[in-house]
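Report on one structure; see the data block that follows.
The values are calculated or read from the model by the stated rules, or taken from the named source; none is laboratory data. The shown structure was predicted, so the numbers you read here are calculated from the model rather than taken from an experiment. Using ideal geometry, Cβ is built from the backbone for each residue, glycine included, and neighbour counts are taken over all protein chains shown. SASA here: full protein model, heavy atoms, side chains in, ligands and nucleic acids out. Shrake-Rupley method; radii C 1.70, N 1.55, O 1.52, S 1.80 Å.
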Amino acid sequence: MANYLAQFQTIKSSSDRIVIAVEDVSDLWLNVKDSFKQRLPVKKACLNNKARNPVLVENLPAEFIQTTDSRLRSRFPQEQYLFWFREPYATVVLVTCEDLDEFKTILKPRLKLIVQNDEREWFIVFVSKAHPSNDQATKMAKKVYARLEADFNTKKRERCCKFDLHGPDDEFWDDFDSKMVDCIRNTLDRRVQFYEEENRRLSEQRFTPIWNFCNFFILKESLAFMFEVTNLHEDSLREYDELELCYSESVNLPGKPREFGGLDTGDDQAALLNPGFKALTQIVQDDVFREFEFRQYIFACQAKLLFKLSRPVEVAARGYAFVVSFSKTLALHENALPFCFREVWVITACLGLIKSTSTQYDGGVVAIDSEKEFYRLQGDLYSLCRAKFMRLAYLIGYGVEIEKSPVNSASLSMLSWPKPATWPSIPPDSSSEVMAKEKTILQAKAREKLFDIQRKPLPLEPSSLLREANRRRAFLSVGNLAELYDSVDGSGFGPHSKVSPNKSSSNLMTRTMSGPATSETSLPVDRPMRLSEIHVAAEHALKQTISDPDFMTSLSSPEEFENRYMELTKGAADNYHRSWWKRHGVVLDGEIAAIYFKHGNYDLAAKSYEKVCALYSAEGWEELLADVLPDLAECQKILNDEAGYLASCVKLLSIESSLFSSKERQAFQSEVVRLAHSEMSHPVPLDVSSLITFAGNPAPLLELCDGDPGTLSVAVWSGFPDDMTLESLSLRLSAFSSADEGLKAIRSTDARVLVPGRNIITFDIPPQKPGSYVLGALTGQIGKLSFRSHGFSQDSPVDTDEFMSFEKPTRPVLKVRKPRALVDITPAVSSALLMNELQWIGLIVKPIDYSLKGGILHIDAGAELKIEESQMIEIESYRSDGDHSGNLDASKALSRSTDTGRVEKVPIGNGKIELPDWASDVTTLVWFPVRAIDDTIAKGTSPASPQKHSIVDGMRMIALKLEFGAFHNQIFERTIAVHFTNPFHVSTRVVDKCNDGTLLLQVILHSEVKATLHVKDVLLDLQAGFEHLGKGDGRPTSSLFPLVIAPSSKAGILFVIRLSGTKDLDELEQADSMLNIKYGISGDRATGAHSPVPVKPDDSEELLFKISLKLKRPVLDPCLAVGFLPFSTDCLRVGQLVNMKWRVERLKDLEEASLSDDEILYQVDANPQNWMVAGRKSGHISFSETQGSRIEIAVTCVPLVSGYVHPPQLGLPDVGDANISCNPAGPHLVCVLPPTLSTSYCIPA
Amino acid sequence: MPSPSSPPRAHGPTTSREQPPSIRRAPPSRCSRVNCRPADSAAPDQLPSGNMIVCVAVVGHQNNPLYLQSFTEADDALKLHHVVHCSLDVIDERVNNPKRSAPTLNETFLGLLYPTENYKVYGYLTNTKVKFLMVTTDLDVKDADARNFFRKFHAAYVDAVSNPFHVPGKKIASRSFGARVSTIVKSFGSGTVG
């Protein structure tokens, strides 16, 4: 059956559409041909796929062929089955008839004969020639057609349609199409079934000896081809997939060795997208195809179908997998293939795939995922191609042109050398080439990197090429030498030399190799080749292998190589970028940059290198960064990009120190220093966050009170390998809560040189606002270069991975507390002190967890208070009762107890006291003497003249100001009030009035102080109008002195006096009696009043207190009586007018009375806040001189406020009090009601 | 001419290569490779002595390298850095497109990441987004073996980072971890045989 292969191929290539046979019974074809052909290709057809599911196919290509055509006639039945796919899918029977009889007798039997062949799907087109105007003919045609239908239509299927030659309507064509499609579908179904059965039959024989892959292939591909022709591409593809699978299984079966193929001219160019590259007959061997060609063929068929299905992404995906797996297959057969055949094939395959898929790919309509995948595959293809291309270039000596970067090393150093049966030998007459190569090898030297970085270049070879090549040659020589010569003489390339195309040249080559020393290049077999010779030999061998001249050109010179290399690298990089494989893309960008760099295109190189460096440093791949960063630095240096160069140097320094030698690191540092001290054209701040890091001390954070300065010590790690001299260094603190607040640069005073590693640097902190502060940034200057660092390190040396340390929450290093009371000063006295005497005032100065060291207390006594500066101030430690019971810790209690009872006297000057050091942490009591001055003479009270005693009178203010803190920056100010009082309050009352005019005057002494008073003597100087009885020395009647008055108690003293009958009493009444009390005091200064501070040593302790007493003569001579008349209304209201009435009555006749005037002045006194007086407030009244005459005074008033208020009073200023009797007395208080509610405000809405 | 063609064929590499791939195992093929060059056994080649794993790496959740150990004798670890680094592209893609890796969903083992002609990269992703990678030149690693290897590797990693002196997110400097990883790597080679 394999014989049919050739035939099969030709049939397949000739029939690219389905055939519809036309059985032209009535010679009508010529008439209808054109209109029929216009219906093709079939616009829409519903066909069944292999799974018997309906599939809508569009534009089904088809062709009408008459059954009389030679193409359909000359076939043998056997062929017909085998190549059934090319047989007609439908038969159109064209008939016409205008006569029923003719139809019955001639046409019908003939038609029956035609359609009896069951194999065929047929339908009848009745062509009516009748002209529409010719009714007769039309009717006849209708009759005949009806008959035809009756004869040939079945219930299941209508097989007839009528075609009107003179005006075919659309209905016919629809009918025609559907019938044709029905036929095609039926035929297709039948044939698919047939092929499937055949396939199954053959598959069952798979493992029997009679099985023949060729037969299977023909059947399988026939089916696939049939699907393809009927546009059922999916099914076709599936068939090819199955075919491929089957082939793989059969080819891997152990058995007799088969030819692999790939030895023809042009085989090195991959044909995986060109199914017609080689005729199948050429590649068949026995009953199986050669693997090399056949696999490519299958793939090409699949790719063609996938392109038809618009799935270029899948082509790329399958293609890449195919290339990789086929490359492995090639490796298995490598020793039979030309030198580097595998590499060349892969390159051409990749390029072919890239080209075809990218032209077929029209992006946009696909999902983002498949778009990414497509570009990723393109990138993979490019980079695979690139690796193989570099391998070839390396073999022929362009290795020096290839950057020894990690990416190139990764793709080349793990890629094994080609393994030809024998390594190619050096061709004759190639001495000049060898010389040239030798020269390039000698000239090539590793590019000197900046900073003298010495690195062992990464390998680009899996093992030394020199060794490998010689080993592969020596391997021959180790074997049978004679055999070797035989082999060499015979073919030059081992077992398959018989198909080698360039026999003559290889003979030439080998002959030279074997010949005995014909020239300077002649080699004895055992002499190892030099590297240059290997290169030349490889180049010549490659020329044999590569059939594409264009490809060979790209290996012809380093420049050409570089162009192609660039093209491939760019292609890979661009596609990887588009596929979001940024790492692949960026790394390849770095390779492009290396070429730019080589050509002096530093600008572009720097840009690409920057991307690479950013990628590596972002993810912390320092080893890789260390490889590429020096290149970037070099570009920047050449481009004079100072900022970038500096940043690169800093970055180099901050890379893990083990990656560079100390000498290199010193070179980096000296570059930084050199630039920093040079005149930079554009000085920019340098970020050294990765190099200089800092952290607060691990000790507890520094806590400061509001307003206090402090010193903060910060650990700064320098990553410089040597000492670094700084011009300045300052630190920024930022508030913990908000970033914008409190950013203050604090300059360090002592930092000048940073040693490598840890430095402790102290910063003086001026007063800060309250809050927590974290370290913000470290700034400073190296030479003219300012730098800043944001790098925090967490109590760890700098050489750990600071990449992560930015993450860590920063700890506050400084806490400035909210303003709080740091000290409290309270007066120590609880009760009043003695007025006009020198008294101690105690101040309790209580530090609240804050040292008062060096504190200065300013005491500013207010008015009427004087500090006695001649006296020393006493300071003593203070223990309050609360402290004993409090839960103080032991140490405090201890310190307190040791200081107990300590008293120190310090001077006071200008109101300032310096607190002693011992007093800085303990509560102290400061005693200082003051004298409150009150020039007024105290007044006693009596029932007649109750005098209100205001507590404010005895108040004296002391303004205190305490300056403390390290820099006297803390100020505590307080004004305290101290109460001073007289020792006694004196009240008098007349206890009894004797008949003889003697008055018993009781003087009551109220003690006003919380101290015991000793009254030693009392002397009463009476005012005029009074006089003492008895001895008349003004002393009390009984002598009880010394009289002791306990605190807050009273004592009474009795005086016997009488009125002295003098005239002009009114004048005399102005004078007061004076009570002189001599007394002593014994009190505690901590409680209140105490004995005065002796100013002079000889001051007696006896004190004198003077108080004036106003004695009032009784009203002995009443002339006038004033009475208040009741109100006319029950109640007073605010705003209501009210009449106030007083009645004045003369009690004595004018002559007897002491009053002379008959006109009396009156005056109404009213509190203007409570009352409004309408009318005259004062005036004169005149009334009769006779006793008993009376007069009423009325004044209209308006109460202004509600409540109990004093009513207005009527006074008679000209008449002495002694002459006025008030009877009845006016009311003390009257009740005033609030105003009546105004309804006008309460109108309901 | 059949006779000249026979010598190369009779030799090790050819015969071993002609075996079907399914029965080719790494150690035998390596042995045969050694056999084929008796005169030149000193060649360090790309292969280490003990096994086929050339590199293992731990990469943190921010794609930062935490540990990378190469097992090649040549001083060319940098290229393996590159390989591991580039493989992160694949991991990123798989993690970001979970539907494409439906079978590996909810599984730590990511399988073969990066097949090339010469080496393979396998990946493993922990719940904390720490990645383990393994580069091998053995082209016929079974998934089960790789899975097993990663499980041991993961256990070693967990022990290493559980050390209270280890700072999370920093490189693993523990020497005992290195030793343990080396043991695991060595046992990987023998595990495939036995």
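Summary of computed values
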quantity: Which numbered condition A:Trp423 fails, given (1) among the hydrophobic types (A, V, I, L, M, F, W, C); (2) assigned to a loop (DSSP other than H, G, I, E, B); (3) away from every other protein chain (no Cβ under 13 Å); calculated: (3)
quantity: Residue among A:Pro1126, A:Pro1114, A:Pro1094 that alone is modelled with pLDDT under 75 and at negative phi; calculated: A:Pro1114
quantity: Residues being under 19 Å from A:Ser689 (Cβ atoms) and in contact with a Lys or Arg (Cβ under 8 Å, 6 or more places away or on another chain) - total across region A:626-648; calculated: 2
quantity: Among residues of region A:181-204, those that are touching a helix residue (DSSP H, G or I) at 6+ places or on another chain (Cβ under 9 Å) and not charged (D, E, K, R), counted; calculated: 7
quantity: Strands (runs of 3 or more DSSP E) enclosed by region A:1170-1217 - at least 3 residues per element that are of a type in the set (A, V, I, L, M) and under 22 Å from A:Glu1145 (Cβ atoms); calculated: A:1190-1199
quantity: Extreme residue, farthest from A:Asp264 (Cα to Cα), among residues of region A:314-340 that are surrounded by fewer than 23 Cβ atoms within 10 Å (Cβ to Cβ) and away from every other protein chain (no Cβ under 14 Å); calculated: A:Glu314
quantity: Condition check for B:Leu139: buried (at least 16 other Cβ atoms within 10 Å of the Cβ) and within 13 Å of another protein chain (Cβ to nearest Cβ); calculated: yes
quantity: Residue among A:Ala1046, A:Ala1024 that is at pLDDT 80 or above and either open to solvent by 60 Å² or more (accessible area, probe 1.4 Å) or not charged (D, E, K, R) (or both); calculated: A:Ala1046
quantity: Residue in region A:48-60 that is closer than 19 Å to A:Val115 by Cβ, at pLDDT 80 or above, buried (at least 17 other Cβ atoms within 10 Å of the Cβ) and in the same structural domain as A:Lys179 (by TED's automatic domain parsing) present; calculated: no
quantity: Test set (1) closer than 29 Å to A:Asp16 by Cβ; (2) out of contact with any helix residue (DSSP H, G or I) (no Cβ under 9 Å at 6 or more places or on another chain); (3) in a helix (DSSP H, G or I); (4) not β-branched (Val, Ile, Thr) - A:Gly266 fails condition number; calculated: (3)
quantity: Some residue of region B:117-136 being surrounded by fewer than 18 Cβ atoms within 10 Å (Cβ to Cβ), assigned to a loop (DSSP other than H, G, I, E, B), within 14 Å of chain A (Cβ to nearest Cβ) and under 11 Å from the mean Cα position of the chain (by Cα); calculated: no
quantity: Residue that is nearest to B:Ala77 (Cα to Cα), among those in region A:450-460 that are at the interface with chain B (Cβ under 9 Å from one of its Cβ atoms) and open to solvent by less than 50 Å² (accessible area, probe 1.4 Å); calculated: A:Leu458
quantity: Output for region A:387-421, where each listed residue is of a type in the set (Phe, Trp, Tyr) and open to solvent by 10 Å² or more (accessible area, probe 1.4 Å); calculated: A:Tyr394, A:Tyr398
quantity: Filtered residues of region A:658-667 (kept if under 17 Å from A:Asp723 (Cβ atoms) and free of Cβ contacts under 8 Å to residues at least 60 places away in the same chain); calculated: A:Ser662, A:Arg665, A:Gln666
quantity: Any chance A:Lys278 is without any contact (Cβ under 8 Å) to a residue 60 or more places away in the chain and either in a helix (DSSP H, G or I) or in the same structural domain as A:Arg473 (by TED's automatic domain parsing) (or both); calculated: no
quantity: Condition met for A:Gly1034 (open to solvent by less than 30 Å² (accessible area, probe 1.4 Å), part of a loop (DSSP other than H, G, I, E, B) and either farther than 30 Å from A:Val829 by Cβ or at pLDDT 85 or above (or both)); calculated: yes
quantity: Selection within region A:1176-1198 - more than 23 Å from A:Phe1127 (Cα to Cα) and open to solvent by less than 70 Å² (accessible area, probe 1.4 Å); calculated: A:Ser1182, A:Phe1183, A:Ser1184, A:Gly1188
quantity: Filter pass, A:Ser681 being more than 14 Å from chain B (Cβ to nearest Cβ), part of a helix (DSSP H, G or I) and either more than 30 Å from A:Lys769 (Cα to Cα) or touching a strand residue (DSSP E or B) at 6+ places or on another chain (Cβ under 7 Å) (or both); calculated: no
quantity: Pick from region A:717-750, criterion small (Gly, Ala, Ser) and in a loop (DSSP other than H, G, I, E, B), ranking: modelled with the highest pLDDT; calculated: A:Gly719
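Each row is one residue, and each column tells you yes or no for (1) away from chain B (no Cβ under 14 Å); (2) touching a helix residue (DSSP H, G or I) at 6+ places or on another chain (Cβ under 9 Å); (3) touching a residue at least 24 places away in the same chain (Cβ under 8 Å); (4) open to solvent by 10 Å² or more (accessible area, probe 1.4 Å).
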site: A:Arg583; (1), (2), (3), (4): no, yes, yes, no
site: A:Leu604; (1), (2), (3), (4): yes, yes, no, yes
site: A:Lys607; (1), (2), (3), (4): yes, yes, no, yes
site: A:Glu619; (1), (2), (3), (4): no, yes, no, yes
site: A:Glu634; (1), (2), (3), (4): yes, yes, yes, yes
site: A:Leu639; (1), (2), (3), (4): yes, yes, yes, yes
site: A:Ala647; (1), (2), (3), (4): yes, yes, yes, yes
site: A:Glu656; (1), (2), (3), (4): no, yes, yes, yes
